[in-house]
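> Below is a structure I'd like to ask you about.
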Amino acid sequence: MNILVIYAHPYDGSFCKGILDTIVPKMEKRGANVKVIDLVKMNFDATMRPEDLKATVTKTYTQEVQQEQKNILWADAIVTICPVWFGSVPGFLKAYFDKVFITGFGYDYTGGLLQNKRVFSLFTFGSKDPYLSLANQYKSIEYLWDNIFSMVGFKDIAVKYFTNVPRTTDEVRAKYLIEAIEFVNQIFDKELGEIGQIGAGELLVKLVIEGKLEMPKVKKI
Ligand SMILES: Cc1cc2nc3c(=O)[nH]c(=O)nc-3n(C[C@H](O)[C@H](O)[C@H](O)COP(=O)(O)O)c2cc1C
């Protein structure tokens, strides 16, 4: 089992780093080959440049994107760890998927080119309920993840939320770390497809494949 961990947080003192340091050894202990990529430390270029977008036609990718596409193909499961910023994921994590899953590699107007993969995502929030529900922050994450991962063919999209992280007690944070381990244990304990997708993604892909719904085409450059 190959697991690619995509870590998206700029600060080593963060709770996200605590999650990273907790789950990686646990997944290795369960026999997985784990590769961690730290988007900030590797200085991932989060700008979609003309050559990146042209790759939808040319299929010529920058070296950085090519390397990440290799990582994605290698992985049976992807784990993402990030904070929630303005009701979404940090822009540089979204940019990673924009650039790496680009049309022709991940997205393909049908059911996606990255079949039979799974994503397990852990998100930290500064706020808590009822604010997060009222502000549709969970939904916002789920719509985004559904649109990214179901569109490229992923079978399982699993999300785990940790709320009120900076203000809660150490006891709760310790409990969160146990929950993080239990969450990633599902990679080993649940069959491919058992978790499924979050919402409309599966239905949407089915309608496209059956020719009942036409996906908007990207304008050729
Ligand atoms: C730019 C920015 C935007 C933020 N927006 C939100 C938000 O929309 N919802 C929320 O619950 N917390 C928000 N926060 C707080 C962070 O999510 C929180 O501090 C973080 O998840 C705590 O975990 P960490 O120690 O891993 O960073 C924001 C923080 C920053 C820096």
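Computed from the coordinates by the stated procedures, all read-outs in this text should not be read as laboratory data. Predicted, not measured: the structure shown is a model, and the values here were computed from it. Note that we place each Cβ from the backbone using ideal geometry, even for glycine, and neighbour counts take in every protein chain shown.
> So the check is Cβ under 6 Å with 6+ separation or different chains; which pairs have a first residue in region 143-167 that's within 16 Å of the ligand (Cβ to nearest atom) and a second one that's aromatic (Phe, Trp, Tyr) and not in a loop (DSSP other than H, G, I, E, B)?
LYS160/PHE183; TYR161/PHE123; PHE162/TYR176; VAL165/PHE15
> Which condition from (1) in a loop (DSSP other than H, G, I, E, B); (2) more than 30 Å from GLY193 (Cα to Cα); (3) in contact (Cβ under 8 Å) with a residue 60 or more places away in the chain is the one that LYS54 breaks?
(1)
> When you look at SER14, is it surrounded by 15 or more Cβ atoms within 10 Å (Cβ to Cβ), touching a residue at least 24 places away in the same chain (Cβ under 8 Å), over 15 Å from the mean Cα position of the chain (by Cα) and within 16 Å of the ligand (Cβ to nearest atom), yes or no?
Against the criterion (surrounded by 15 or more Cβ atoms within 10 Å (Cβ to Cβ), touching a residue at least 24 places away in the same chain (Cβ under 8 Å), over 15 Å from the mean Cα position of the chain (by Cα) and within 16 Å of the ligand (Cβ to nearest atom)), SER14 qualifies.
> Pairs under 8 Å by beta carbon, first residue within 15 Å of VAL24 (Cβ to Cβ) in region 172-190, partner of a type in the set (D, E, K, R) and part of a loop (DSSP other than H, G, I, E, B), six or more apart or different chains?
Close Cβ pairs satisfying both conditions: ASN185/ARG30; PHE188/ARG30.
> For region 78-100, enumerate the residues that are among the polar types (S, T, N, Q) and within 25 Å of PHE188 (Cα to Cα).
Selection gives THR80 alone.
> Continuing with this model, one more query. Is there any pair with a first residue in region 61-89 that is more than 16 Å from the ligand (Cβ to nearest atom) and a second that is assigned to a strand (DSSP E or B) and of a type in the set (Lys, Arg) whose Cβ atoms are under 8 Å apart and which are 6 or more apart or on different chains, and what are they?
Taking only residues 6 or more apart or on different chains, the pairs are ASN71/LYS35; TRP74/LYS35; ALA75/LYS35; ASP76/ARG118; ALA77/ARG118; ILE78/ARG118.
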